[in-house]
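Below: one structure, written as structure tokens.
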């Protein structure tokens, strides 16, 4: 971490700091020299992470973390390139880049912190806001169907897909460590508390209460169909976590043409 950047800007009860620490710990334990790690972020609360890590980093424009990361990886394939950003940045304005990088199986490590809303800009609903959940722009409940991100990324061609919550700190760290050894496009979704944005609108008073919700409703998925991994916070349905996809498709490699 960059000590001179502390304290961070995350709100009390926010889970992004937990996810950031898991990533930092995985970097330290990876055995890969720190000057070989690069972290790229977009815009939003999670996008601030690139500025806090004591690594080569890029804080890019909104939704464009993956194209920047793709350029870095193609220019220097020896680097371990991670995109650390949020659901709004990656799945909304950056959604087109997300699915096509997965389709190409680019050798990128994606960490998506999903807090179900646009937390930095006022708590608006986004592409992962559960149906029926409230937001500042859906005062009568969200009428739209949210993305089931593991299903989307699996269908798009990602080599590795998993989901955890900020309650699962050991699993998150171990999963990130594993993706450092996994060629191709990997995607880890981390469900995070957002008491100031999503929580306030949905009668979840603080981060601790949302963590209790994750503890009580998280279920390790075993043979659960991918299309059943969607999240519905209105009902007492389980929140499935675990590793959902693990393929060995060769990572994208550009064609070399001798002059």
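Under the classification rounded if a/c is under 1.5, otherwise prolate if a/b is larger than b/c and oblate if not, where does the stretch 1-110 fall, given a ≥ b ≥ c as square roots of the Cα gyration tensor eigenvalues? Write down the numbers at each step before the final one.
Values: a/c = 1.93, a/b = 1.17, b/c = 1.65.
Judged from the Cα gyration tensor, the stretch 1-110 comes out oblate (a/c at least 1.5, b/c at or above a/b).
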Quick shape check on the stretch 41-104: root eigenvalues a ≥ b ≥ c of the Cα gyration tensor, a/c under 1.5 is rounded, otherwise prolate if a/b tops b/c, else oblate, and it reads oblate
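To make sure I understand, if each residue's beta carbon is the centre and we count other beta carbons within 10 Å, what order do 32, 239 fall in, fewest to most? Spell out each step's value before the answer.
Numbers: 32 15, 239 19.
The most exposed by this proxy come first: 32, 239.
Contact order normalised by length for the chain, with contacts defined as Cα pairs under 8 Å and 6 or more residues apart; what percent is it? Numbers along the way, then the final one.
On the way: 552 pairs, mean separation 50.5, N = 259.
Rounded, it is 20 percent for the chain.
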If the chain between residue 136 and residue 29 were fully extended at 0.36 nm per residue, the gain over the current Cα-Cα distance would be 34.5 nm
Sorting 223, 87, 232 on the 10 Å Cβ count, fewest up front, what's the list? 223, 232, 87
Residue 74 paired with residue 121, simple spin-label distance in nm, labels 7 Å along Cα-to-beta-carbon: 2.8
Relative contact order (%) - criterion: Cα under 8 Å, at least six apart; region: the stretch 117-250: 29
Pairing the Cα long axis of helix 16-29 with the longest principal axis of the chain, what angle in degrees results, from 0 to 90 and rounded to the nearest 10? 30
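At a Förster distance of 30 Å, what's the computed FRET efficiency of residue 235 paired with residue 4, Cβ-Cβ distance as r, to 0.05? Don't jump to the answer; show the numbers that get you there.
Details: r = 46 Å, r/R0 = 1.52.
Calculated value: 0.05.
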Could you rank the peptides 195-207, 106-118 by their average count of other C-beta atoms within 10 Å per residue, with the highest value first? 106-118, 195-207
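Fully extended, how many nm does the chain gain between residue 144 and residue 170 (0.36 nm per residue separation, minus their Cα-Cα distance)? Don't jump to the answer; show the numbers that get you there.
Working: separation 26, 0.36 × 26 = 9.36 nm, distance 3.33 nm.
Answer, rounded to one decimal: 6.0 nm.
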Distance between the stretch 136-180 and the stretch 29-62 - C-alpha centres, whole angstrom: 19
Rank the residues 64, 234 as a footprinting-exposure proxy: fewest other Cβ atoms within 10 Å of their Cβ go first. 234, 64
For the stretch 51-149, rounded, prolate or oblate, judged on the Cα gyration tensor with a ≥ b ≥ c (square roots of eigenvalues), a/c < 1.5 rounded, else prolate if a/b > b/c? prolate
In degrees rounded to 10, the 0-90 angle between helix 169-180 Cα long axis and the longest Cα principal axis of the chain is 30
To test your reading of the geometry: what angle, between 0 and 90 degrees and rounded to tens, separates the Cα axis of helix 95-104 from the longest principal axis of the chain? 40
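Here, each number is a calculation from the coordinates, and none is a lab measurement. These figures come from a predicted structure and were not determined experimentally. Methodologically, a virtual Cβ is constructed for each residue, glycine included, from the backbone with ideal geometry; neighbour enumeration extends over all protein chains shown.
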